[in-house]
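Only one structure is covered here, and it is reproduced in the block below.
The values are calculated or read from the model by the stated rules, or taken from the named source; none is laboratory data. This structure is a prediction, so every number in the text was calculated from the model and none was measured. No Cβ is skipped: glycine too gets one built from the backbone with ideal geometry, and neighbour counts run over all protein chains shown. With ligands, DNA and RNA removed, areas are computed over all heavy atoms of the protein, side chains included. Shrake-Rupley method; radii C 1.70, N 1.55, O 1.52, S 1.80 Å.
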Amino acid sequence: MIVNVVECLSGAQRAKGLVVIVDVFRSTTLGCFLAAGGAAEYIVTDSLDRARAMAAERGGKVIGELVDVPPREFDYLNSPALIEQADIRGETLIHVTNAGTRGLMVCTEADEVIMGSFVNAQAVVDYVRARNPEVVTLVAMGTGGVMRAQEDMMCAMYIKNEIEEYPNSFKTLKNFLRDVDTAAKFFDETRDDCPEADFDLCMDLDRFDFVLKGEPVDGGVRLNRVAVAGGTSA
């Protein structure tokens, strides 16, 4: 098994084999919380207009975060902490963000695509080992899908190390990531859309024992929950 790590949208476009999209702060983390919260259908897409159209067609709601788009434009915000406080059971949710959801849509060279983050890292590892593909590509989506984000690269490397049975130190990673520029929003008291609790929830290692596997649909990608033996679940 060859395990590669690539970055950003350009990396996702050329990713091959079993592809893992990683967007820790917060897209692929939130996806797990949506599935765990009982969403009936969870679809990602790449623009707000498309998300609104899909939500209207399916009787669903739009969840997300986009540069230069006010939070009030979304039915739910891109926040694990806020989603934990909401009742999303049975809802159809259309998710759109700057990087993670777009990354899922451009993996045209992949054999299959799943979501990965710290919250389901062991489930990703177990899933990869069970599938035993020739090639695994971990995509660290980065800021806006165009610039390296430390949390995404470190998560991708953490998963790669676990797959290949190299040592990891999650405590060291978490302490370091608390102070990176992309985490500053969680500690900004002027941001109602980024609760401080989001940082700890995004870094809640192995909280969930499932992966979310992508299935192309018209205008987006549906994520289906796939249980993985051996993990832990909230």
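For Val135, what residues show an amide H to amide H distance below 5 Å, using hydrogens built from the backbone and excluding near sequence neighbours?
Ile2, Leu18
Put a dot 7 Å past each Cα toward the Cβ at Glu215 and Arg14; how far apart are the dots in nm?
So the label points at Arg14 and Glu215 sit 3.2 nm apart.
Report in % the part of the accessible area of the stretch 1-72 that belongs to carbon and sulfur, leaving out ligands and nucleic acids; probe 1.4 Å. Show your work: numbers first, answer last.
On the way: 1330 of 2820 Å².
Roughly 47 percent of what the probe reaches on the stretch 1-72 is carbon or sulfur.
Using a 1.4 Å probe, how large is the accessible area of Ser47, given in Å² and rounded to the nearest 10?
It works out to around 40 Å².
For the stretch 1-78, just the Cα set please: Rg and Dmax, both in angstrom.
14.5, 45
According to the square roots a ≥ b ≥ c of the eigenvalues of the Cα gyration tensor, what is the shape class of the stretch 33-92, taking rounded for a/c under 1.5, prolate for a/b larger than b/c otherwise, and oblate for the remainder?
oblate
Rolling a 1.4 Å sphere over the protein heavy atoms, what is the accessible area per residue of the chain, to the nearest Å²?
It amounts to 44 Å² per residue over the chain.
Using Cα positions and a limit of under 30 Å, work out the lysines in reach of Lys16, with same-chain residues fewer than 8 apart set aside.
Lys160, Lys174, Lys213
Calculate how large, on average over all directions, the projected area of the Cα convex hull of the chain is; give the answer in nm² to one decimal.
On the way: hull surface 45.4 nm².
The orientation-averaged projected area of the Cα hull of the chain comes to 11.3 nm².
Expected output is a single nm value to one decimal: the length gained when fully extending between Thr190 and Glu112, i.e. 0.36 nm times separation in residues minus the C-alpha distance. What is it?
24.1 nm
What distance in nm separates the two pseudo spin-label positions at Glu84 and Arg131, each 7 Å out from Cα along the beta-carbon direction?
Placing both labels 7 Å beyond Cα along the Cβ direction yields 2.9 nm.
Helix-only estimate, please: 222 nm mean residue ellipticity of the chain, summing -39500 (n - 2.57) across DSSP H runs of length 4 or more and dividing by its residues, to the nearest 500. Don't skip to the end; give the middle numbers.
Values: 9 runs with 78 residues, N = 234.
Per the formula, -9500 deg cm²/dmol.
Residues with beta-carbon under 14 Å from that of Ala110, excluding Ala110: net charge, scoring Lys, Arg +1 and Asp, Glu -1?
That works out to -1.
Can you tell me the dipole magnitude for the chain around its Cα centre, using point charges on the Cβ only (Lys, Arg +1; Asp, Glu -1), in Debye to the nearest 20?
380
If you average the alpha carbon positions of the stretch 19-87 and of the stretch 169-218, how far apart do those two centres end up, in angstrom?
Cα centroid of the stretch 19-87 versus Cα centroid of the stretch 169-218: 15 Å apart.
Please give the residues of the stretch 72-94, grouped as numeric ranges, whose backbone N is less than 19 Å from a label point set 7 Å along the Cα-to-Cβ vector of Ala56.
72-76, 92-94, by backbone N distance to the label point.
Mind listing the long-range amide H neighbours of His95? Cut-off is under 5 Å, sequence gap 5 or more, other chains count too, H placed in the peptide plane at 1.01 Å from N.
Placed amide hydrogens put Ile43, Val44, Thr45, Ile63 under 5 Å from His95.
Can you give me the % of accessible surface on the stretch 125-234 that is carbon or sulfur? Probe 1.4 Å, all protein chains present, nothing else counted.
Whole-percent figure for carbon plus sulfur exposure: 48.
Going out from 0 in 5 Å bins, what whole percent of all Cα-Cα distances in the stretch 149-234 drops into each bin?
Distribution as computed: 3, 12, 16, 19, 19, 17, 11, 4, 0 percent.
Placing +1 at every Lys and Arg Cβ and -1 at every Asp and Glu Cβ, with all other atoms neutral, what dipole size does the stretch 25-99 have around its Cα centre, in debye to the nearest 20?
Values: 7 positive and 11 negative charges, 15 e Å.
Roughly 80 debye, rounded to the nearest 20.
Less than 14 Å Cβ to Cβ from Val217, Lys/Arg counted +1 and Asp/Glu -1: what total charge do the surrounding residues give? Working shown, then result.
Numbers: positive: Arg50, Arg58, Lys213, Arg222; negative: Glu41, Asp46, Glu57, Glu215, Asp218.
Result for the neighbourhood of Val217: -1.
When only Cα pairs under 8 Å and 6 or more residues apart are kept, what is the percent relative contact order across the chain?
31
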